Amino acid sequence: MNPLAIIGRATLALIRTAGALAIFSVRGLMAALAPPWYLDQLRAQLLRIGFFSLPVVGLTAVFTGAALALNIYTGGSRFNAEQFVPDIVVLGITRELGPVLASLMLAGRVSAAMAAEIGAMRVTEQIDALKTLSTDPFRFLVAPRVTAAVICVPLLVLVADIIGVFGGYAVSTQTLGFNGATYIRNTMNFVTNWDVISGLIKAAVFGYIIALMGCYHGYNSRRGAQGVGRATTNAVVSAAILIFAANYVLTTLFV
Amino acid sequence: MADTPKISLRGVYKSFGSNHVLRGIDLDLAAGRSLVIIGGSGMGKSVLLKCILGLMHPDKGTICIDNEKVNGLSGRKQAKVMAKFGMLFQGGALFDSLTVWENVAFRLLYADGMKRKQAREHAIAALAQVNLEADTALLRPAELSGGMQKRVGLARAIVARPQIMFFDEPTTGLDPITADVINNLIRRQVSALGATAISITHDMVSARKIADEIAMLYEGKIIWRGPAKDVDHSGNPYVEQFVTGSETGPIKVMAG
Ligand SMILES: Nc1ncnc2c1ncn2[C@@H]1O[C@H](COP(=O)(O)OP(=O)(O)OP(=O)(O)O)[C@@H](O)[C@H]1O
Ligand SMILES: [Mg+2]
């Protein structure tokens, strides 16, 4: 095999995917922004993405906050800076770990579910059936999911911020000997609105990525159960990678 | 004045890679007529219906509904053309997240914006037409047998009284009595309501009952077409073999 041909083919495939994804996301966005909206579908997705993800996000946050506090304490104690634990914990959680870890967990939970559901609809011709019933699948399937994710993920991350800080607080007061009131006061004095808001902006972008990857891979799945399985895996992996990449880009903008 | 056909296809080609499924289909169907398409498994009957519906895009050729070219439409324009159609998919294609009655009433609820109570009455009436009790209305498609799913799909196809109805194997998987109910139902849609229908079936009993005309698809072309009563003495060896279900004849049973 000619190596140039292999590189060329891979490049073309990449460009083709990027193009297809761009068209898909524009169509999804247009469907989300202009009526008709299927509000009952949106409500169902808000419940599914938002409410039922709370346990996953909460558990992720509390353990992350606790572990973060321990690590910062260890690091800080090397140059007598243990008192900065509350500050670094809240900064780390709100700006970085809250949005990124919560979104990664949601990529596993939500992207996978969307890809599997829409993929199954594709291979059983339900998407074709939608079209014959004069209903645009982008409006009926994609738009509610994208909208719900963009609304829910920031809210979930806000919850994760609070629970994550609490995790740090709990371990600091229980095992590291911090005074509870001082810990809270330090946290509140240190954290800025922008720390929180920039994290929530990230979360909205990640929410878009999560829903888009789930819908895109599901919508384009082929070849029966095997194709749906592949779509599910691809949705999770690509959502996770795009979250990391977007996180880097947004962080460079927000510092 | 010559009637313009309701559905008109000219030189429609469709391939999947090297699999040349449709190889130049010409077909006209007048309004209020019922056409049955017969042909071997994998010959492209379902693909033909999907091309007419715009769910698949033909590689070549034009498809007109009411004299208006419909292939290549998208978005709102396509949705508007779809309002003329009712389609029963071969596999049912019911929405498994919705109940049976919501499936049947889907167009009324989501495309026409009908109130739920009223849409539900329409759905239950359509279910009765396909011999399904009102208490199936609240079940989910996964709780139904294959034949029941087919009938729910049929109810969904006819509930909004479309001008054009496509039935992909409406009676496969049904017992002979229910199949007869369905045959009569399809016949009535055409004779009493003036719908234009294309049905696909392998069941010659059903074909004779439903059809005004029968067409046979073979190797990507319509090789025979005629009034339903002529199908038994078509003079076409392919049709004769298909109708009598014989292993010997011009149609190769196993290639190679
Ligand atoms: N989405 C697709 N991608 C690739 N090939 C396809 C696709 N859909 C159909 N085909 C191919 O097109 C051919 C015709 O398929 P089609 O479903 O129209 O057959 P059919 O005449 O309806 O058969 P049956 O009576 O068994 O339903 C088959 O060879 C099939 O493999
Ligand atoms: Mg078929």
Exercise for the section: Output the number of the condition that B:Ala142 fails; it satisfies all remaining conditions of (1) without any contact (Cβ under 8 Å) to a residue 60 or more places away in the chain; (2) within 16 Å of ligand 2 (Cβ to nearest atom). Expected result: (2)
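Out of B:Gly54, B:Gly42, B:Gly17, I need the residue that is within 13 Å of ligand 1 (Cβ to nearest atom), outside the structural domain of B:Leu154 (by TED's automatic domain parsing), under 20 Å from the mean Cα position of the chain (by Cα) and at pLDDT below 90. Which one?
Just a single option satisfies the conditions, and that option is B:Gly42.
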Problem - Where B:Lys80 falls short, out of the listed (1) modelled with pLDDT of 90 or more; (2) assigned by TED's automatic domain parsing to the domain that holds B:Ala215; (3) more than 16 Å from ligand 1 (Cβ to nearest atom); (4) surrounded by fewer than 18 Cβ atoms within 10 Å (Cβ to Cβ) - result: (1)
Practice task
Examine region B:177-196 for a residue that is out of contact with any helix residue (DSSP H, G or I) (no Cβ under 6 Å at 6 or more places or on another chain), within 16 Å of ligand 2 (Cβ to nearest atom) and either within 14 Å of chain A (Cβ to nearest Cβ) or among the acidic types (Asp, Glu) (or both), and state whether such a residue exists.
Solution key: no
Practice task
Please tell me if B:Arg156 is at the interface with another protein chain (Cβ under 10 Å from one of its Cβ atoms), buried (at least 24 other Cβ atoms within 10 Å of the Cβ) and among the basic types (Lys, Arg).
Solution key: yes
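What about B:Glu213, is it in the same structural domain as B:Ile65 (by TED's automatic domain parsing) and either touching a residue at least 12 places away in the same chain (Cβ under 8 Å) or within 16 Å of ligand 1 (Cβ to nearest atom) (or both)?
Working: in the same structural domain as B:Ile65 (by TED's automatic domain parsing): yes; either touching a residue at least 12 places away in the same chain (Cβ under 8 Å) or within 16 Å of ligand 1 (Cβ to nearest atom) (or both): yes.
So B:Glu213 fits the description; yes.
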Practice task
Could you tell me whether any residue of region B:214-227 is touching a helix residue (DSSP H, G or I) at 6+ places or on another chain (Cβ under 8 Å) and part of a helix (DSSP H, G or I)?
Solution key: no
Handout entry: Conditions (1) among the hydroxyl-bearing types (Ser, Thr, Tyr); (2) under 30 Å from A:Thr74 (Cα atoms); (3) surrounded by 13 or more Cβ atoms within 10 Å (Cβ to Cβ): number failed by A:Thr175
Key = (3)
Problem - Options A:Gly177, A:Gly167: the member that is outside any helix (DSSP H, G or I), more than 27 Å from A:Leu21 (Cα to Cα) and more than 14 Å from every other protein chain (Cβ to nearest Cβ) - result: A:Gly177
Fill in the blank from the handout: Counted residues in region B:52-84 being more than 27 Å from B:Asn183 (Cα to Cα), of a type in the set (A, V, I, L, M) and more than 8 Å from every other protein chain (Cβ to nearest Cβ) come to 4
Practice task
Look at region B:173-192 and say how many of its residues are exposed (fewer than 13 other Cβ atoms within 10 Å of the Cβ) and in a loop (DSSP other than H, G, I, E, B).
Solution key: 2
Problem - Among the candidates A:Gly164, A:Gly119, residue that is under 17 Å from A:Ser221 (Cβ atoms), buried (at least 22 other Cβ atoms within 10 Å of the Cβ) and not charged (D, E, K, R) - result: A:Gly119
Problem - Count of residues meeting criterion [without any contact (Cβ under 8 Å) to a residue 12 or more places away in the chain and of a type in the set (A, V, I, L, M, F, W, C)] in region A:14-29 - result: 6
Handout entry: region B:85-102 - residue that is crowded, with 18+ Cβ neighbours inside 10 Å, more than 16 Å from ligand 2 (Cβ to nearest atom) and more than 9 Å from chain A (Cβ to nearest Cβ) and, of those, farthest from B:Thr4 (Cα to Cα)
Key = B:Thr99
Exercise for the section: Could you tell me whether any residue of region B:109-125 is away from every other protein chain (no Cβ under 14 Å), of a type in the set (Val, Ile, Thr) and surrounded by 15 or more Cβ atoms within 10 Å (Cβ to Cβ)? Expected result: yes
Fill in the blank from the handout: Condition set modelled with pLDDT under 90 and in a helix (DSSP H, G or I), scope region B:138-148, selection nearest to the other protein chains (Cβ to nearest Cβ): answer is B:Gly146
Handout entry: All positions within region B:200-210 that are outside any strand (DSSP E or B) and either within 16 Å of ligand 1 (Cβ to nearest atom) or buried (at least 18 other Cβ atoms within 10 Å of the Cβ) (or both)
Key = B:Thr201, B:His202, B:Asp203, B:Met204, B:Ser206, B:Ala207, B:Lys209, B:Ile210
Handout entry: Single residue of B:Thr248, B:Thr172 found to be out of contact with any Phe, Trp or Tyr (no Cβ under 7 Å at 6 or more places or on another chain), among the hydroxyl-bearing types (Ser, Thr, Tyr) and modelled with pLDDT of 85 or more
Key = B:Thr172
Handout entry: Checking A:Ala81 against (1) crowded, with 18+ Cβ neighbours inside 10 Å; (2) more than 22 Å from A:Met213 (Cα to Cα), the condition it does not meet
Key = (1)
Problem - Breaking point among (1) within 14 Å of chain B (Cβ to nearest Cβ); (2) among the β-branched types (Val, Ile, Thr); (3) in contact (Cβ under 8 Å) with a residue 12 or more places away in the chain, for A:Thr132 - result: (3)
Handout entry: B:Gly24 being within 29 Å of B:Gly245 (Cα to Cα), more than 8 Å from ligand 1 (Cβ to nearest atom) and surrounded by fewer than 23 Cβ atoms within 10 Å (Cβ to Cβ)
Key = yes
Practice task
Taking A:Leu156 as the residue in question, decide whether it is more than 14 Å from every other protein chain (Cβ to nearest Cβ), of a type in the set (A, V, I, L, M, F, W, C) and in contact (Cβ under 8 Å) with a residue 60 or more places away in the chain.
Solution key: yes
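The values are calculated or read from the model by the stated rules, or taken from the named source; none is laboratory data. No experiment lies behind these values; they were computed from the predicted model shown. Don't worry about glycine lacking a Cβ; one is built from the backbone with ideal geometry, like all the others, and counts go over all protein chains shown.
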